[in-house]
Structures are given as structure tokens and as C-alpha cells.
Amino acid sequence: MSHNHEEVEEMTDDYDMGEAGDETGDEYHEREGRESDSDDDEFSHSNSKVTDTSSAQARKGKDIQGIPWERLSISREKYRQTRLEQYKNYENIPDSGEASEKECKATQKGGVYYEFWQNTRSVKSTILHFQLRNLVWATSKHDVYLMSHFSVLHWSALTGQPKELVNVQGHVAPREKHPGSLAEGFSQTQVSTLAVRDNLLVAGGFQGELICKHLDREGVSFCCRTTYDDNAITNAVEIYNSSSGAVHFIASNNDCGVRDYDMERFQLSKHFRFQWPVNHTSLSPDGKLLIIVGDDPEGMVIDANSGKVVHKLHGHLDYSFASAWHPNGLTFATGNQDKTCRVWDIRNLSKSTDVLRGNIGAIRSVRFTFDGQFMAMAEPADFVHVFDVQSGYNKCQELDFFGEISGVSFSPDTEALFVGVWDRTYGSLLQYRRVHNFAYHDSLF
């Protein structure tokens, strides 16, 4: 993962929607790090007038993000085409090439598995590092956790109101005393990744910080630093339950380490080291295997207990930043900066079974529904693809909007899909609801 700070700042400011109203010849080009005050942007003039959008309003023709296309100098269709043509995908390996059309699956688009339900602008989901997009987590169809600048927020779909859980701009210190916990805590933490599960919230930082909070307790429970290495950024966190039922989490870091923490004893239980920075890991449903992807085109499947490499994954052309297991424990997916998501079968890892291609950029997030019926594949901006797994990934729904994607998350009951959109003017949280086919039931009446 890139750790050049100027490079990070350059990429994170790309494609703010406030520029769509400009009439200059280079209005749609990458901003290359330029800060926009948005005062002269056509979109920004109406910013204070933009309200949340409901499904009923969308059905009547309102843009789901509240973008007033009728008052702009460009149509939605023209702006979409320009984005497709000019969005610059970031690559760590220049000229590495792309997967051939023959290799990529020709997916049938047009599915409707999740329908738009609501767009709320009361929370603005933000991103700190342009390559890390795991900053939105749903623990139910009503409860979402996300980063908004320096605030870790809980947003309720029932009340429509956000609540700040932790503010990392100032000083954060643990209220509880545990061996290995840094009593002095941290100040001005830059949160790079987030995970929430089983009443535990873990935030990872740019300097290897880990901040753990139990949602049913006051304050922060545990703070530690994974490493004091200069290249210490926490790239991803995964929370899981061990075979004994104890809550653990796995932290993937840029210092080439993967660390497993036992939150029953509040201590490090495993530490594996690799040859390159690890950007993401995913533990198999049975807890025996771990997917490792990072700053190398090859990924790995390792033994989760010993750290021994079981098989290397060949096929991607650039660095990978996403992985996820299907609930059946037999297949999994990896997302790469070569604009593809590859699906693998653990029974034959000589090559991937399917290669799914995005529209404009790297695949930065991959999520399966808990019932295994759907898989969401998120690009860095504008598109989330929801695949029908049971069709063999042959059918897909394409969610189309504008803005950088901070994260995607299905609710555990699979009834909701949340997408964080980061944009200076139209940043928001998009909510979709699952569509159920009741044709069979209707035929009984």
C-alpha cells in the first residue's frame, strides 16, 4: 500500500462532484491534489438546499443524491460518459496491463436485487487513505457505523440521526486497565480502517494504532500500537469468533505483519510476517485458512494457526486490497487494482474460476451476503456491482451514482445494503433494501 503522503493527498481529492458545474475545457479532469473551496462551483450554490432523498421521491424522478441536473450545464448521461472516459485508475505497477476481455466474464447486467431506499446527508462518510475503503459497517438493517472526519459515528436508520462514539481528533485513552494496553492512549489519530462486530468496534490508524471500544460500555476499552515501524499503517481489521467462542480480531499492516488479538485476554495471540505489506486478510468460516493479499500481484492462502503457506494465488496483475469468503467456506474473492475481482475455489487454486471486471477502477471492497446469495464488488468511485452468486456470477445489478466510495456493507439479515459516498458537496450514506420475489407465493392465491 502506498505510504507516500503527498501521493495519498493527491489521489483523495479526485473527482469532487462540485466541479461538474464548471464550464472550463478541463472541467472533468483529475484534480491532481488541488483543494477546492467549492465557492464558485455550480453544485455548491445549491448545497444548503439539498435534502435527503427517499425512495418515493426517487420514483417520482428526483436524483437519488439530490443533484439538480436540470440546473446544470451538463446532463447526467454526459457527465457519466465523461467520468467513464477520464477517470484515472491508480496503479502501483505501471503498465502492468489488464485482464483480457476473453478472460473476464461477460456478465448480464440489469438485475434488481437491492432497490434504492434512502440517501441521507446527515452523515458524510469520509476517507483518509485513497486505497483503503473499509470504513462502513452495518450491524443490523437499522444500525451503521462509519468514519466522518475525526468522528467514529453510529447512524440509526430508525431515527435518522448520527451519534458520535469516539472523537479521535483530541486525546483518546482507555478507561479499562489491561496488560499491553497503552494507558496514555493516542492523540490526533488518523483512522485508516474500521471494523464492527459482536458489540466490538476496532479502529486502526496511520501509525499502527488500534483503538478498541465495546459498544455496550462507556469509553474506550483498549489501546495499543502494533508496531513503531515508520511504515506502520493499519490497512484492515477483521473481527471474528474463535472456536472457543472468544472474540478476536486480525490486523493487517504495512510493516508486512498480520497480528491476531484475543479480546478476552486483551493480548496478542499470533504474529505472522510476510515479504510484502499486507493490505487485507479474510478468515475462512471454519477458522482454518486465511487469505493474505497485499503489495504483490500474488496472494496467498495460509494455515490460520501456523502461518504456513497452503497455496499461492496467481492471476492478478497489480496490488490487491480486498478479500472475502463465501459463507460456504469453499470459495472466496479477491479485489485488485487491475480492475478485477477474481473468484477462487479452495478445491482447485491453480487458477481463479471467474474474473469479474469493473468499469473505471480498482476493486477496493468485496462483501458477500450472510446467506451467500449475493456478492458486492465496489470500485473506488461511482459503481457498486451486486452479483447473483447462484447464477454463477453471470447476472449482476449495477448501482450507479457519483462520488468516492468509503465502504459497503450488507446487514447481517441481508435486508439492507449501505454505501458510504465521500464527496465535498454530495457526501452521504446510501441505503438499499433487498428485493424479494414473491411470484411463487402470489401464485398460491
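Within region 319-343, can you find the residues that are open to solvent by 10 Å² or more (accessible area, probe 1.4 Å) and either among the β-branched types (Val, Ile, Thr) or part of a loop (DSSP other than H, G, I, E, B) (or both)? The answer is TYR319, HIS326, PRO327, ASN328, GLY329, LEU330, THR331, LYS339. Pairing each residue of region 176-187 that is in a loop (DSSP other than H, G, I, E, B) with any residue that is hydroxyl-bearing (Ser, Thr, Tyr) and surrounded by 10 or more Cβ atoms within 10 Å (Cβ to Cβ), provided the two are 6+ apart or on different chains, yields C-beta distances under 7 Å for GLU176/SER221.
The condition (being surrounded by 14 or more Cβ atoms within 10 Å (Cβ to Cβ) and not polar (S, T, N, Q)) is satisfied by just one residue among ALA106, ALA157: ALA157.
THR369 meets each of the listed conditions (1) within 21 Å of PHE130 (Cβ to Cβ); (2) open to solvent by less than 10 Å² (accessible area, probe 1.4 Å) apart from (1).
Six or more apart or on different chains, Cβ under 6 Å: which pairs go from a residue in region 55-67 that's closer than 18 Å to PHE402 by Cβ and polar (S, T, N, Q) to one that's open to solvent by less than 50 Å² (accessible area, probe 1.4 Å) and in a loop (DSSP other than H, G, I, E, B)? Could you list them? The qualifying pairs are GLN65/TYR426.
Could you count how many residues in region 131-154 are crowded, with 22+ Cβ neighbours inside 10 Å, out of contact with any Lys or Arg (no Cβ under 9 Å at 6 or more places or on another chain) and assigned to a loop (DSSP other than H, G, I, E, B)? Count: 1. Consider region 293-318 and keep the residues that are open to solvent by less than 70 Å² (accessible area, probe 1.4 Å) and aliphatic (A, V, I, L, M). The one that is farthest from ARG357 (Cα to Cα) is ALA304.
Taking the criterion of being buried (at least 17 other Cβ atoms within 10 Å of the Cβ), at negative phi and in a loop (DSSP other than H, G, I, E, B), the residues of region 228-267 that qualify are ALA232, ILE233, ASN254, ASP255, MET263. For region 67-108, residues that are closer than 30 Å to SER428 by Cβ and of a type in the set (Asp, Glu) total 4.
Taking ILE346 as the residue in question, decide whether it is of a type in the set (A, V, I, L, M, F, W, C) and surrounded by fewer than 24 Cβ atoms within 10 Å (Cβ to Cβ). Yes: the conditions hold for ILE346. Scanning region 198-216 for residues that are touching a residue at least 40 places away in the same chain (Cβ under 8 Å) and either open to solvent by less than 10 Å² (accessible area, probe 1.4 Å) or on the phi < 0 side of the Ramachandran plot (or both) gives LEU200, LEU201, VAL202, ALA203, GLY204, PHE206, GLY208, LEU210, ILE211, CYS212, LYS213, LEU215.
Let's see how each residue does on (1) without any contact (Cβ under 8 Å) to a residue 40 or more places away in the chain; (2) under 30 Å from SER352 (Cα atoms); (3) out of contact with any strand residue (DSSP E or B) (no Cβ under 8 Å at 6 or more places or on another chain); (4) among the basic types (Lys, Arg):
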position: LEU84; (1), (2), (3), (4): no, yes, yes, no
position: GLU91; (1), (2), (3), (4): no, yes, yes, no
position: ALA99; (1), (2), (3), (4): no, yes, no, no
position: GLN161; (1), (2), (3), (4): yes, no, no, no
position: ASN167; (1), (2), (3), (4): yes, no, no, no
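Does any residue of region 151-172 turn out to be more than 29 Å from GLY245 (Cβ to Cβ) and in contact with a Gly (Cβ under 7 Å, 6 or more places away or on another chain)? The answer is yes, given that some residue of region 151-172 is more than 29 Å from GLY245 (Cβ to Cβ) and in contact with a Gly (Cβ under 7 Å, 6 or more places away or on another chain).
The values are calculated or read from the model by the stated rules, or taken from the named source; none is laboratory data. The model shown is predicted, which means the values in this text are computed figures rather than measured ones. Virtual Cβ from ideal backbone geometry, glycine too; neighbours counted across all protein chains shown. With ligands, DNA and RNA removed, areas are computed over all heavy atoms of the protein, side chains included. Shrake-Rupley method; radii C 1.70, N 1.55, O 1.52, S 1.80 Å.
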